[in-house]
Amino acid sequence: MFKGRHFDRSVILLCVRWYLAYNFSLRNLEEMMAERGISVDHATIHRWIVRYSPELLKRFNARKRAVTAKWHVDETYVKIRGEWKYLYRAIDSNGDTVEFWFSERRNLIAAKRFLRKALKRHGRPERIVIDGSQTNREAILSCDAESRLQDRSGCKLQPIRIRQSAYLNNRTEQDYRAIKRRVRPMLGFKSIACARVILGGIELIHMMRKQQAKYACNQRLSLAEQFERLAA
């Protein structure tokens, strides 16, 4: 994973983890490394984040523990070059992250793409709670029908129950806060591709803090320890 890199893996992991987890800028990290006798440019740190965040997320998803069969689905806004884009997210009844998807548009196509991704990775839930969005309701009905048609188990699958309630979906609004708290100091992303990678890394940190890895749920490992496990 770190073969051919000029810097030691511990330095790379430290910079990636600190940037994704805390309200540090790239230049803050450049100065902090300089204080430790390590000369590294902020642009290099950015390249590390873009290079290693998706790989760490991929490894985490392979070790992620199962979620419950009751989901809460919603979307929030993220600014890219002064324009609002959309982060679709789902959490389960325990508050654990089910899935997320960053989209340029907020429409039926985007909602269905997000739900297909969640269903493919986690299987069919029993119930999904949404707010008053008719688009999300149509997306669930469509993806539910597709899922039942594609099922080859021979069992008669029950339709996914949909509960529309802004009050019950406050759970997702609360969970967004951890993501927005880290995104806000960044003052907007410069591109869709960059935003998708960095948001994936921020979501990774959020899941780590919720101890969603199979190896962390009973050991209460720190972020640093979990990063070491993933990068090993």
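Give the order of Arg116, Arg89 when sorted by the count of other beta carbons within 10 angstrom, beginning with the fewest.
Ascending Cβ contact count within 10 Å gives the list Arg116, Arg89.
Full extension from Asp41 to Glu225: what is 0.36 nm times the residue separation minus their Cα-Cα distance, to one decimal in nm?
Value of the extension gain: 63.7 nm.
Could you calculate the contour length gain from Lys120 to Ser93, that is, 0.36 nm times the residue separation minus the distance between their Cα atoms, to one decimal place in nm?
Numbers: separation 27, 0.36 × 27 = 9.72 nm, distance 1.90 nm.
Here the answer is 7.8 nm.
Return the distance in nm (one decimal) between the two label points of a simple spin-label model at Leu26 and Thr135, each offset 7 Å from Cα along Cα→Cβ.
Reported label-point gap for Leu26 and Thr135 is 3.1 nm.
Mind giving me the nanometre distance, one decimal, between the label points for Arg171 and Asp8, set 7 Å out from Cα along Cα→Cβ?
Modelled inter-label distance: 4.4 nm.
Using a basic spin-label model with each label point 7 Å from the Cα along Cα→Cβ, how many nm lie between Val50 and Lys214?
The answer from the label model is 3.4 nm.
Could you line up Val73, Val40 from fewest to most neighbouring Cβ atoms inside 10 Å?
Numbers: Val73 26, Val40 19.
In increasing order of surrounding Cβ atoms, one gets Val40, Val73.
Taking a ≥ b ≥ c as the square roots of the eigenvalues of the Cα gyration tensor of segment 166-224, is the shape rounded (a/c under 1.5), prolate (a/b larger than b/c) or oblate? Don't jump to the answer; show the numbers that get you there.
Details: a/c = 2.44, a/b = 1.27, b/c = 1.91.
Oblate, because a/c is 1.5 or more while a/b does not exceed b/c.
With a 10 Å Cβ neighbour count serving as the proxy for reagent exposure, in which order, fewest first, do Glu138, Glu30 appear? Walk me through the numbers before you get to the answer.
Values: Glu138 13, Glu30 19.
The order, fewest Cβ neighbours first, is Glu138, Glu30.
Values quoted throughout were computed directly from the atomic coordinates according to the rules given, and no laboratory measurement underlies them. As the structure is a computational prediction, the values presented were derived from the model and not from experiment. Here the Cβ is made from the backbone with ideal geometry for all residues, glycine too, and neighbour counts use every protein chain on show.
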